[in-house]
Amino acid sequence: MRMKEMLAAGIVLSMGIQLFCACSKEMPYEENKVYVGVTYYNQSDTFLNQLIASLKENLQEYEGNGYEISILIRGAGGSQRTQEDQVKELIDSGCNVLCVNLVDRADPSEIIDLARETDVPIIFFNREPVAEDMMQWDRLYYVGAFAEQSGIMQGELAVEIIQSDPLVDRNKDGKIQYVILEGEAGHQDAIIRSESVVETLKSHEIEIEKLSNGIANWNRAQAQNQMLQMISQHQNRIELVLANNDDMALGAIDAYEKLNYTESALPVFLGVDGTDVGLEAVRDSKLAGTVYNDKEGQAEAMAELAVALVSGTGMEKIKFQDKKYIYLPYMKVTKSSVDRFMRR
Ligand code: GAL
Ligand code: CA
């Protein structure tokens with residue numbers, strides 16, 4: 001019996017060695033096969049859908065350069081649990097780099113553990129994990145933008161409009177009555193944009209009076225509802241609508257259209273993002289301006305980083321801040337510059 005067992009063990013062992021050899025000879029880790037797994041918080045988000053479309057295009061460009069690219073994309077429907085399952089599934093399907101737009105940006109530990117166990121690097125994007133979580137492993141990266149800059153730029157756009165057009169102050173009380181439509185509670189872009197836009201108005205000595213603020217989760221329909229409530233509360237007193245993104249600014253405009261307001265009775269609307277619909281609204285003078293959230297730049301950086309992480313070449317060309325962060329600048333968009341952005 002003992003002999004048999006030893007023999008069996010020997011066979012298994014040698015099979016193992018053979019298998020291992022077969023693997024390392026015929027199926028080495030192929031640096032030119034880039035299998036990207038993407039998961040994002042919600043598939044109904046306008047900005048992210050456009051960013052991910054651009055990521056696909058950017059990755060596909062590497063195919064001509066001797067890389068084999070494949071991309072799997074999952075939307076998490078706003079559920080962190082779903083997203084964790086998706087990360088498992090993406091890794092099991094053979095993805096060798098992940099792009100993760102967290103549902104809950106404060107809770108990435110489970111996802112980081114899954115990736116670390118299989119040594120699959122993660123590029124977080126758009127929803128920035130806190131610094132301590134980014135330190136959990138050295139193969140974690142972040143691609144995004146400085147939220148404060150977008151708030152400051154939205155504030156500067158508002159200042160320019162208020163200073164050049166006395167009619168913005170409709171009731172001529174020397175103050176600008178405003179409302180804010182905010183993105184998700186706890187989202188770095190929502191918190192920081194809302195703070196810095198108001199700071200910027202104040203620092204330019206614009207007298208302002210806040211009438212209301214409402215959370216509309218980046219969503220056009222929710223913003224329309226919030227705005228309808230604000231209008232019923234404040235009627236014609238609202239002079240300026242500051243929205244944390246374009247979809248919510250458009251939802252606010254929808255509310256006024258629903259109530260059949262004439263154009264001359266409308267407040268000034270400002271957004272952030274420069275999505276296709278946002279840019280069209282700027283072109284059509286419905287939105288006074290927006291702040292361009294450089295989705296093409298972010299997508300290009302993510303693609304470059306994903307390919308570099310898998311292939312092991314090109315990392316030295318990438319300019320990181322603090323070794324793991326890439327931030328793309330925002331840009332102001334008004335009617336006079338909108339064409340340039342529409343062609344991007
Ligand atoms: C913001 C963007 C929003 C929304 C959000 C999702 O940067 O301005 O429109 O896409 O990210 O996390
Ligand atoms: Ca006023």
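We did not get these values from a lab; they are worked out from the coordinates using the rules stated. For clarity, every value in this text was computed on a predicted model and none was experimentally measured. Cβ sites come from the backbone with ideal geometry, for glycine too, and all protein chains shown count toward neighbours.
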Evaluate 2.2 N^0.38 Å with N set to the residue count of the chain, then give the Cα radius of gyration divided by it.
-> 1.22
For residue 122, net neighbour charge (Lys/Arg +1, Asp/Glu -1) across residues whose Cβ lies under 10 Å away | +2
Hits among lysines - C-alpha to C-alpha of residue 172 under 30 Å, sequence gap 8 or more where chains match | 202, 210, 258, 286, 332, 335
Qualifying lysines (Cα of each under 27 Å from Cα of residue 33; at least 8 residues distant if same chain) = 25, 56, 88, 295, 317, 319, 323, 324
Report the extension gain between residue 81 and residue 132 in nm, rounded to one decimal, defined as 0.36 nm multiplied by the number of residues separating them, less their alpha carbon distance.
-> 16.2 nm
Cut-off under 5 Å, modelled amide H: who pairs with residue 99 long-range = 37, 38, 39, 123
Would you mind checking which residues have amide H under 5 Å from residue 292's amide H? H placed 1.01 Å from N; only 5 or more apart, or other chain.
-> 273, 331, 332, 333
Per the Cα gyration tensor, the stretch 241-281 corresponds to an equivalent ellipsoid with semi-axes, largest first in Å, of 18, 10, 9
Please tell me the relative contact order of the chain in percent, rounded to the nearest whole number, where contacts are Cα pairs under 8 Å and at least six residues apart.
-> 18 percent
Over all directions, average the projected area of the Cα convex hull of the stretch 92-160 and note it in nm².
-> 5.5 nm²
Given H placed on each backbone N at 1.01 Å, which residues far from residue 287 in sequence or on other chains put an amide H within less than 5 Å of it?
-> 282
When the Debye formula is applied to the Cα atoms of the stretch 272-344, each taken as the same point scatterer, what base-10 log of I(q)/I(0) results at q = 0.13, 0.23 Å⁻¹?
-> -0.49, -0.91
Which value, to two decimals, describes the C-alpha radius of gyration of the stretch 153-259 once divided by 2.2 N^0.38 Å?
-> 1.01
Percent of beta bridges antiparallel (DSSP, the chain, rounded to nearest 5) = 10 percent
